[in-house]
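The values are calculated or read from the model by the stated rules, or taken from the named source; none is laboratory data. Just so it is clear, the model here is predicted, and its values are computed rather than measured. Glycine gets a Cβ as well: all are built from the backbone with ideal geometry, and neighbour counts include every protein chain shown. Surface areas here come from the heavy atoms of the whole protein model, side chains and all, with no ligands, DNA or RNA. Shrake-Rupley method; radii C 1.70, N 1.55, O 1.52, S 1.80 Å.
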Amino acid sequence: MIGPKHVYESQLLPLIPILVETHNIGLATNQTRIGELTSVHRSRQRYAIELAQAACGYPVNLASNPQLACYLYDELGLPAQLDKATKKLSIGAAAIAILRDHVGPVVDPDAPTTVEYIKQRLLDGADPLLEARALYAESAQLLSHYLVPLEGVEIVRPNHALHAQASGRWSTTDPPLQQLPHDMRDIIQPHPGYCWVYWDWDQIELRILAALSNSRFLLEVFGNGWDLHTLTACQMFNLPTPPDKTDPHGALTCEAWRVQVGWQGKDDPRRVFAKRGRYKLNYGGEPNSIIPGESTLGIKPAERERALTSMLMADPDLASWRRRIAAEVIRTQPNAISHTFQGRRRALMSFKDEQVRQAYNHPMQGGNTDIFNSTIVEIKQRVPNVAFAWGMHDSQYWHCPLGRADTAEPQIAAIAQKELTINGHAVTIPAKLGRKYRADDTTTGGRAVDAAI
């Protein structure tokens, strides 16, 4: 029977020996890459310090809350940003982000925080101290969380906590691999004699939502492999539908359409806004909620509210599901509960609006966790000679002996993409598979060595 007991017996208990094995095997580090990145971020910090001191005229400490707060709020007179917990003036990441947008230009949330990006923002009128703080803080975090702790450490053994988050998502620490930036994933690598077979699931939470909400629009989009965010942008901005809904960015049949609407590909501002807006609504936002980077995209508040409202109106099944979820939370207060399609239970413990937001989130995020966990358990049971290495919310990496990869990869792919039943719908989550080899691997195709863990 599907329910909390099923989750406990089929996922959590079997995961314990698997994660003990994962911890014992550990992950090899790439010391060369760690050294390179350490040098890069030390250099960024030096640049940030020099920039800040030049802006202030004295040796300001970019890690000092009192010093920066005094300069930003007293000397510059910027709008006060308070820490939610302490109610004191804040220079935290959220506060600095708001102030950078306030001074302008608005920060592009998808742009990497590099020296080159900061220099361009300065040319465009950004405040030097705010830019210096953003650059310094990001490098400081990456150095303290990942790079410095791994210097000279040949094998790292992260800790995994299965019960740390209400959604069921794991908490991985020492280092926090689930937040490892994409461009730093090469600081860890397979052990000698092994590769990693890995994959990324494609839009897993949206596919869960499509089945749970019985959204005919979303089910049709995913069933046909269409580009959801382009179609959403067309709905929001009253654009004609592209002739090829699968590849509107490159298909020859869409060439005239691209010219007609001035389409800029996957990074078209309307598509970017549509994607962010959809995720904002899915995770409990409303049409009057600010979308990150909307000013950068040239979207005004009235345009955003109209566009997000039109998105909801274009999908009456999803809108109806949202209303039912909210009504059930209100009806069952103060004991509102949410479940995933496999029965993972979450008590919604907060005020009404936050409870509704949690009730939107949990079926998707918790359902993602259920699939993530169940996939690990099944692969370990059915595929010989592999061991779970590490993972993020929508991806997994598995230790595999080099000589077994050709056999193991199709078995892993079949399990990762097996058909699921969600709310009566047959759902398959597509996965993009690949292999990761060591930086010093010189074998042809990685097939020359067959070792045992």
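Sequence-distant or interchain residues sharing an amide H contact under 5 Å with Trp390, placed H: which?
Amide H neighbours of Trp390: Tyr397.
In whole angstrom, how far apart do the alpha carbon centroids of region 140-185 and region 265-321 sit?
32 Å
What trypsin sites (Lys or Arg not before Pro) does region 43-91 have in DSSP loop regions with at most 14 other beta carbons within 10 Å? Kindly include the intermediate steps, with their values, before the conclusion.
Numbers: sites: Arg44, Arg46, Lys84, Lys87, Lys88; in loops: Lys84, Lys87, Lys88.
Here the sparse-neighbourhood loop sites are Lys84, Lys87, Lys88.
Under 1.5 on a/c is rounded, so check that first for region 1-152, then, if it is not, pick prolate when a/b is larger than b/c and oblate when it is not; a ≥ b ≥ c are the square roots of the alpha carbon gyration tensor eigenvalues.
Numbers: a/c = 2.65, a/b = 1.71, b/c = 1.55.
Prolate.
Hey, quick one: spin label on Glu286, modelled 7 Å out along Cα-Cβ, who in region 333-375 has an amide N within reach, i.e. under 18 Å?
350-361, by backbone N distance to the label point.
Over region 66-143, with every protein chain in place, what whole percent of the accessible area is carbon and sulfur at 1.4 Å, could you tell me? Write down the numbers at each step before the final one.
Working: 2240 of 4000 Å².
So the carbon and sulfur contribution to the accessible surface is 56 percent.
Using the basic label-point model (7 angstrom from Cα toward the beta carbon), what is the Asp202 to Glu220 distance in nanometres?
If labels sit at Asp202 and Glu220, their model points lie 2.0 nm apart.
Can you compute the helix-only [θ] at 222 nm over the chain? Use -39500 (n - 2.57) per DSSP H run of at least 4 residues, normalise by all residues, nearest 500 deg cm²/dmol.
Estimated from H runs of four or more residues: -14500 deg cm²/dmol.
Could you tell me what percent of the DSSP beta bridges with both partners in region 327-401 are antiparallel, to the nearest 5?
Values: 8 of 8 bridges.
Among the beta bridges of region 327-401, antiparallel pairing accounts for roughly 100 percent.
Give me the percent relative contact order of the chain, please, defined on Cα pairs under 8 angstrom at least 6 residues apart. Intermediate values should be presented prior to the final figure.
Numbers: 644 pairs, mean separation 97.8, N = 453.
RCO, the chain: 22 percent.
With charges set only on the Cβ (+1 for Lys and Arg, -1 for Asp and Glu), what does the dipole of region 398-439 come to about its Cα centre, in debye to the nearest 20? It would help to have the intermediate numbers written out before the result.
Working: 6 positive and 3 negative charges, 50 e Å.
The dipole of region 398-439 has a size of about 240 debye.
Quick one: which residues, 5 or more positions from Ile188 or on another chain, have an amide H under 5 Å from its amide H? H modelled 1.01 Å from N in the peptide plane, none for Pro or chain starts.
Amide H neighbours of Ile188, under 5 Å, 5+ apart: Asn30.
Subtract the Cα-Cα distance of Lys432 and His6 from 0.36 nm times their separation in residues, and report this length gain in nm to one decimal. Spell out each step's value before the answer.
Details: separation 426, 0.36 × 426 = 153.36 nm, distance 2.88 nm.
Going from the current span to full extension adds 150.5 nm.
Select from Gly434, Phe388, Ser320 the residue farthest towards the positive end of the dipole of region 318-453; place +1 on Cβ of Lys and Arg, -1 on Cβ of Asp and Glu, and compute about the Cα centre.
In region 318-453, that residue is Ser320.
Taking a quarter of the surface of the convex hull around the Cα atoms of the chain, what do you get in nm²?
Details: hull surface 97.9 nm².
Hull-based average projected area comes out at 24.5 nm².
How large is the dipole of region 266-350 about the Cα centre if only Lys and Arg carry +1 and Asp and Glu carry -1, each at its Cβ, rounded to the nearest 20 debye?
Roughly 260 debye, rounded to the nearest 20.
Of the options Pro128, Ala93, Val115, report the single residue whose Cα projects farthest towards the positive end of the charge dipole of region 65-143 (beta-carbon charges: Lys, Arg +1; Asp, Glu -1).
In region 65-143, that residue is Ala93.
Rounded, prolate or oblate for region 201-299? Axes are the square roots of the Cα gyration tensor eigenvalues, ordered a ≥ b ≥ c, and the cut-off for rounded is a/c under 1.5. Kindly include the intermediate steps, with their values, before the conclusion.
Working: a/c = 2.14, a/b = 1.15, b/c = 1.85.
In terms of gyration-tensor shape, oblate.
Looking only at GluC sites (Glu not before Pro) in DSSP loops with at most 16 other Cβ atoms within 10 Å, what is the longest site-free stretch of the chain?
After excluding every exposed loop site, the longest remaining stretch is 155-418.
Could I have the simple spin-label model distance between Gln31 and Arg323, label points 7 Å from Cα toward Cβ, reported in nm to one decimal?
6.4 nm
Could you work out Rg/(2.2 N^0.38 Å) for region 221-354, with Rg from alpha carbons only? Don't jump to the answer; show the numbers that get you there.
On the way: Rg = 17.6 Å, N = 134, 2.2 N^0.38 = 14.1 Å.
Cα Rg divided by the expected 2.2 N^0.38 Å: 1.24.
Taking every pair of alpha-carbon atoms in region 27-80, give the share separated by more than 17 Å as a whole percent. Don't skip to the answer; put the middle values down first.
Numbers: 743 of 1431 pairs.
Here the tail beyond 17 Å accounts for 52 percent of pairs.
Pick out, in residue order, every one of the chymotrypsin sites (Phe, Trp or Tyr not before Pro) in region 16-113 that is DSSP loop and has at most 14 other C-beta atoms within 10 Å; say none if there are none.
Details: sites: Tyr47, Tyr71, Tyr73; in loops: none.
Of the chymotrypsin sites (Phe, Trp or Tyr not before Pro), not one in the loops of region 16-113 has a Cβ with at most 14 other Cβ atoms within 10 Å.
If all Cα-Cα distances of region 245-311 are sorted into 5 Å bins from 0 onward, what percent lands in each bin, rounded to whole numbers?
With 5 Å bins starting at 0, P(r) equals 4, 17, 25, 19, 15, 14, 6, 1.
Once you charge only the Cβ atoms, +1 for Lys and Arg and -1 for Asp and Glu, what is the size of the charge dipole of region 328-397 about its Cα centre, to the nearest 20 debye?
Values: 8 positive and 6 negative charges, 34 e Å.
Using Cβ point charges on Lys, Arg, Asp and Glu, region 328-397 gives about 160 debye.
Put a dot 7 Å past each Cα toward the Cβ at Lys352 and Ser171; how far apart are the dots in nm?
Here the answer is 3.1 nm between the modelled labels.
Once you have the Cα-Cα distance between Leu162 and Thr86, take 0.36 nm times their residue separation minus that, and quote the gain in nm to one decimal.
Values: separation 76, 0.36 × 76 = 27.36 nm, distance 2.96 nm.
Gain on stretching Leu162 to Thr86: 24.4 nm.
I'd like the distance separating the alpha-carbon centroids of region 1-35 and region 390-417, in whole Å.
Here the answer is 14 Å between Cα centres.
Would you work out the relative contact order for region 321-412, in percent, from Cα pairs under 8 angstrom that are 6 or more residues apart?
18 percent
Which of the chymotrypsin sites (Phe, Trp or Tyr not before Pro) across region 344-453 are loop residues per DSSP, with 15 or fewer other Cβ within 10 Å? Provide the component values of the computation, followed by the final result.
Numbers: sites: Phe351, Tyr360, Phe372, Phe388, Trp390, Tyr397, Trp398, Tyr437; in loops: Phe351, Tyr437.
Sites meeting the loop and neighbour criteria: Phe351.
How large a share of the accessible area of region 288-357, in percent, is made up of carbon and sulfur atoms when the probe is 1.4 Å and the other protein chains stay in place? If you can, show how the numbers build up before the last one.
On the way: 2280 of 4010 Å².
C and S fraction of accessible area: 57 percent.
Could you give the distance between the Cα centres of region 48-124 and region 332-362, to the whole Å?
36 Å
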